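Peer 1: Dumping the structure here so I can ask a few things about it.
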Amino acid sequence: MRREAATPRPGWEATILEQGLVYATTELPDGDTMSYWDETAAYAFDLAEVLRLEEATEELHRMSVAAAEHIVARNRYAEFGIPAWAAEAVARSLREQPPTLYGRFDLAYDGSWPPKLLEYNADTPTSLVEASIIQWYWLEGTHPDADQWNSLHERLVGAWARIGAGLHDRRVHVCWSNEEESGEDQITAGYLAETARQAGLDVTLLPIQHIGWDGRRFVDAEDRPVTTCFKLYPWEWMLAEPYGPPALEPGTPTTWIEPAWKLLLSNKALLAVLWELYPGHEYLLPAYLDSPRQMTEYVAKPLLGREGGSVRIVTGDTEFTSPGIYGDEGYCYQEFRALPEFAGNHMVLGSWIVDGESAGVGIRESESLVTDGYARFLPHYIDAPRAC
């Protein structure tokens with residue numbers, strides 16, 4: 001893997017806006033703006049490297065599912081901050097295996113083996129549109145003979161088709177929170193709705209705030225039953241709200257995507273359980289729940305919260321807390337591994353999983369030690385001819 005300087009396409013700003021990237025700029029603290037989409041550089045991979053990273057991604061997913069089974073079998077919900085009243089519903093969800101769609105592993109990888117797992121965004125991962133669509137069109141316009149580690153669109157459509165085959169009602173509600181102001185959640189939900197439509201499903205797209213409870217079931221704004229619902233809305237938020245208990249009741253006729261057991265994978269406590277189950281594994285960093293133990297350099301990560309939350313980094317006598325809310329709900333202490341640095345930028349590799357299979361990569365860079373809200377997304381290509 002290498003980082004290469006690149007020449008932006010003429011009119012690229014209008015192009016990506018037309019393709020749906022409405023959150024292409026980020027407002028800075030001083031009121032100025034910066035571009036989130038960055039094609040002044042790109043990353044190049046070789047094919048053998050991509051194949052190894054795909055295998056690593058799928059192995060990490062298998063290990064994570066095994067960890068979820070262990071957590072349920074050992075009744076370790078309290079370590080994850082999951083309320084006792086929700087435990088049986090989480091266990092039932094894992095046992096019954098309702099549909100699951102996607103997730104994203106964030107990996108530290110600098111081109112030398114092995115990659116290291118930083119976290120698993122398994123419930124509400126974003127940066128999907130740019131990874132699936134925007135960088136593919138960039139490839140078509142700049143490297144038409146090259147390939148890309150990117151089968152996201154095809155795999156999402158295929159996953160929806162498999163989900164649809166098991167539904168008695170082919171209507172799927174796709175929801176996001178209208179309290180998210182950047183537009184990213186709405187566009188992500190809209191894109192996922194389109195992949196479901198391409199799979200032959202009937203799709204209703206609406207804010208989750210427009211879903212109501214009629215005393216027996218969840219209904220949409222037109223009083224139609226919500227039987228299958230993809231929600232770009234974290235389970236930990238749902239559990240804290242009045243309609244959380246009905247959402248998990250066994251008699252409630254709603255299938256949620258992602259399912260409730262994904263609570264266990266989106267929680268940073270997963271990192272400690274993985275290290276406990278697979279100590280010394282080449283893809284893992286040491287991680288603990290009770291304390292940093294012997295580690296002198298570590299990151300304290302809040303257990304709950306969507307990607308991008310505040311973390312505290314301790315390196316020797318130096319401490320750094322990233323911007324944002326640093327909560328009080330408990331922490332996972334993971335060994336500090338500095339993000340790979342290329343041309344003064346810290347890079348994180350987001351490896352996507354769809355329906356249990358590796359599906360592509362998205363790369364973000366930040367000037368900060370933490371991939372924060374001021375990160376930039378850079379495209380990539382495989383330095384090999386495109387497969388026919």
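Yes/no matrix, rows are residues, columns are (1) crowded, with 17+ Cβ neighbours inside 10 Å; (2) aromatic (Phe, Trp, Tyr); (3) in contact with a Cys (Cβ under 9 Å, 6 or more places away or on another chain); (4) under 28 Å from Gly251 (Cα atoms):
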| site | (1), (2), (3), (4) |
| --- | --- |
| Arg52 | no, no, no, no |
| Thr57 | yes, no, no, no |
| Arg62 | no, no, no, no |
| Val72 | yes, no, no, yes |
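Peer 1: I would also like to ask the following. Residues in the range 280-289: is at least one crowded, with 18+ Cβ neighbours inside 10 Å and under 17 Å from the mean Cα position of the chain (by Cα)?
Peer 2: No; the residues of the range 280-289 include none that is crowded, with 18+ Cβ neighbours inside 10 Å and under 17 Å from the mean Cα position of the chain (by Cα).
Peer 1: Same structure again: When the range 193-227 is examined, which residues are found to be farther than 20 Å from Trp237 by Cα and part of a loop (DSSP other than H, G, I, E, B)?
Peer 2: Answer for the range 193-227, where residues must be farther than 20 Å from Trp237 by Cα and part of a loop (DSSP other than H, G, I, E, B): Ala199, Gly200, Leu201, Asp214, Gly215, Arg216, Ala221, Glu222, Asp223, Arg224, Thr227.
Peer 1: Looking at the range 198-224, which of its residues are in contact (Cβ under 8 Å) with a residue 40 or more places away in the chain, surrounded by 16 or more Cβ atoms within 10 Å (Cβ to Cβ) and over 23 Å from the mean Cα position of the chain (by Cα)?
Peer 2: Selection gives Leu201, Asp220.
Peer 1: Another question about this same structure. Tally time: how many residues in the range 95-116 are among the charged types (D, E, K, R) and more than 10 Å from Val348 (Cα to Cα)?
Peer 2: Counting residues in the range 95-116 that are among the charged types (D, E, K, R) and more than 10 Å from Val348 (Cα to Cα) gives 4.
Peer 1: Could you tell me whether Glu39 is out of contact with any helix residue (DSSP H, G or I) (no Cβ under 9 Å at 6 or more places or on another chain) and of a type in the set (D, E, K, R)? So that I can check it myself, show each step before the final result.
Peer 2: On the way: out of contact with any helix residue (DSSP H, G or I) (no Cβ under 9 Å at 6 or more places or on another chain): no; of a type in the set (D, E, K, R): yes.
Spelling it out, it is not the case that Glu39 is out of contact with any helix residue (DSSP H, G or I) (no Cβ under 9 Å at 6 or more places or on another chain) and of a type in the set (D, E, K, R).
Peer 1: Also, I was wondering about something else. Does Asp110 count as surrounded by 22 or more Cβ atoms within 10 Å (Cβ to Cβ), part of a loop (DSSP other than H, G, I, E, B) and of a type in the set (Asp, Glu)?
Peer 2: Details: surrounded by 22 or more Cβ atoms within 10 Å (Cβ to Cβ): no; part of a loop (DSSP other than H, G, I, E, B): yes; of a type in the set (Asp, Glu): yes.
No: the conditions fail for Asp110.
Peer 1: Write out, first by first residue and then by second, each pair whose Cβ atoms fall under 8 Å of each other, whose residues are 6+ apart or on separate chains, and whose first residue, in the range 357-383, is modelled with pLDDT of 95 or more and in a loop (DSSP other than H, G, I, E, B) while the second is buried (at least 18 other Cβ atoms within 10 Å of the Cβ) and aromatic (Phe, Trp, Tyr).
Peer 2: Sorted first by the residue in the range 357-383, then by its partner, the pairs are Pro379/Tyr43; Pro379/Trp138.
Peer 1: Then there's this: Which of the residues that make up the range 13-53 are more than 24 Å from the chain's Cα centre (by Cα), under 27 Å from Glu194 (Cβ atoms) and either in contact (Cβ under 8 Å) with a residue 60 or more places away in the chain or in a loop (DSSP other than H, G, I, E, B) (or both)?
Peer 2: Across the range 13-53, the qualifying residue is only Thr15.
Peer 1: Residue check: is Ala68 within 12 Å of Leu263 (Cα to Cα), part of a helix (DSSP H, G or I) and within 22 Å of the chain's Cα centre (by Cα)? Quick ask: steps written out before the conclusion?
Peer 2: Working: within 12 Å of Leu263 (Cα to Cα): yes; part of a helix (DSSP H, G or I): yes; within 22 Å of the chain's Cα centre (by Cα): yes.
So Ala68 fits the description; yes.
Peer 1: Whether any residue in the range 310-323 is buried (at least 22 other Cβ atoms within 10 Å of the Cβ), of a type outside the set (S, T, N, Q) and at pLDDT 90 or above is what I want to check.
Peer 2: Kept after step one, since they are buried (at least 22 other Cβ atoms within 10 Å of the Cβ), are these residues of the range 310-323: 311.
Still in the running and of a type outside the set (S, T, N, Q): 311.
Adding the requirement that they be at pLDDT 90 or above leaves none.
Within the range 310-323 (the criterion being buried (at least 22 other Cβ atoms within 10 Å of the Cβ), of a type outside the set (S, T, N, Q) and at pLDDT 90 or above), the answer is no, since none of the residues qualifies.
Peer 1: Among the residues of the range 127-141, write down those that are of a type in the set (Phe, Trp, Tyr) and buried (at least 24 other Cβ atoms within 10 Å of the Cβ). Break it down stepwise before answering.
Peer 2: Taking the range 127-141 and keeping what is of a type in the set (Phe, Trp, Tyr), we get 136-138.
Across the range 127-141, the qualifying residue is only Trp138.
The rows are residues; the columns are (1) under 24 Å from Phe105 (Cα atoms); (2) without any contact (Cβ under 8 Å) to a residue 60 or more places away in the chain; (3) touching a Ser or Thr at 6+ places or on another chain (Cβ under 9 Å); (4) of a type in the set (A, V, I, L, M).
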position	(1), (2), (3), (4)
Ala240	no, yes, no, yes
Thr254	no, yes, yes, no
Pro259	yes, no, yes, no
Leu265	yes, no, yes, yes
Trp275	yes, yes, no, no
Gly280	yes, yes, no, no
Gln294	no, yes, no, no
Glu297	yes, yes, yes, no
Pro302	yes, yes, yes, no
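Peer 1: Further, regarding this structure: What are the residue pairs meeting all of these: first residue in the range 164-190, first residue closer than 21 Å to Pro98 by Cβ and part of a loop (DSSP other than H, G, I, E, B), second residue aliphatic (A, V, I, L, M) and modelled with pLDDT under 90, Cβ atoms under 7 Å, and 6 or more apart or on different chains?
Peer 2: Close Cβ pairs satisfying both conditions: none exist.
Peer 1: May I pose another question? Check whether at least one residue in the range 128-145 is assigned to a loop (DSSP other than H, G, I, E, B) and under 20 Å from Leu192 (Cα atoms), and report yes or no. Working first, answer last.
Peer 2: Filtering the range 128-145 for residues assigned to a loop (DSSP other than H, G, I, E, B) gives 143-145.
Still in the running and under 20 Å from Leu192 (Cα atoms): none.
Checked the range 128-145: no residue is assigned to a loop (DSSP other than H, G, I, E, B) and under 20 Å from Leu192 (Cα atoms).
Peer 1: Tell me which residues, restricted to the range 110-159, are closer than 30 Å to Tyr333 by Cβ and without any contact (Cβ under 8 Å) to a residue 24 or more places away in the chain.
Peer 2: Within the range 110-159, Ser112 is the sole residue that qualifies.
Peer 1: Kindly evaluate Pro302 against the criterion of being modelled with pLDDT of 95 or more, within 27 Å of Pro125 (Cβ to Cβ) and surrounded by fewer than 23 Cβ atoms within 10 Å (Cβ to Cβ).
Peer 2: no
The values are calculated or read from the model by the stated rules, or taken from the named source; none is laboratory data. Note that the structure is a prediction, hence the values are computed from the model and not measured. Positions of Cβ are generated from backbone atoms using ideal geometry, with glycine treated the same way; all protein chains shown enter the neighbour counts.
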